[in-house]
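One structure below.
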Amino acid sequence: MEIDHPETRAELQAAFMRYETALVENDVAVLDELFLVAPTTIRYGGGENLYGYAEIAAFRSARSPAGLARRLDRTVITTYGRDFGVASTLFYRDSAPGKVGRQMQTWVKTVAGWRVAAAHVSIIPDPAGGEKT
């Protein structure tokens, strides 16, 4: 298996950045598009466990658009073969001083493009005491 095929990794990096832009702008249509439409799609969030695309879409449509701005750090995009990859990042929000968010996404490439099949988001006390730059 080829890890980090350059073109495949660039495609996933672009999909990840499209997701990030949609997240901070609360572009629900793009967020919905980028999740795999399947009952097996899962998103574990800071306060919710969502099973299946329908639950994830319902969460997104009901979520407040306030306070979504964030800064990313230590983002790692890794692809395995040409159709599978993982995106991992730390994030910081001004509204959560002393905390660090962690996000991991499992992406699969479909005929429609890259889609998130599983995601996990959590926020913990920042063990480093502040963000790295």
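The values are calculated or read from the model by the stated rules, or taken from the named source; none is laboratory data. It should be emphasised that the depicted structure is a prediction, and the values quoted were computed from it without experimental measurement. As a convention, Cβ positions derive from the backbone with ideal geometry for all residues, glycine included, and neighbour counts pool all protein chains shown. Ligands, DNA and RNA are stripped out before the accessible areas are found, and what is left, the full protein with its side chains, is counted by its heavy atoms. Shrake-Rupley method; radii C 1.70, N 1.55, O 1.52, S 1.80 Å.
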Show me the strands (runs of 3 or more DSSP E) found entirely inside region 1-94 where at least 2 residues are without any contact (Cβ under 8 Å) to a residue 60 or more places away in the chain. 49-51, 71-80, 84-92
Name the residues in region 5-28 that are more than 22 Å from Arg71 (Cα to Cα) and exposed (fewer than 13 other Cβ atoms within 10 Å of the Cβ), would you? Pro6, Glu7
I need the full set of residues from region 87-119 which are out of contact with any helix residue (DSSP H, G or I) (no Cβ under 9 Å at 6 or more places or on another chain), among the β-branched types (Val, Ile, Thr) and closer than 23 Å to Ile56 by Cβ, in order please. Thr106, Val108, Thr110, Val111
Go through region 11-31 and count every residue that is over 17 Å from Leu72 (Cβ atoms) and within 12 Å of the chain's Cα centre (by Cα). 0
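When only residues in region 37-54 that are of a type in the set (A, V, I, L, M, F, W, C) and open to solvent by 40 Å² or more (accessible area, probe 1.4 Å) count, which is farthest from Trp114 (Cα to Cα)?
Going residue by residue through region 37-54, those that are of a type in the set (A, V, I, L, M, F, W, C) are 37-38, 42, 50, 54.
Filter once more, so that each one left must be open to solvent by 40 Å² or more (accessible area, probe 1.4 Å): 37, 42, 54.
Working: Val37: 12, Ile42: 16, Ala54: 18 Å.
Checking each candidate, the answer is Ala54.
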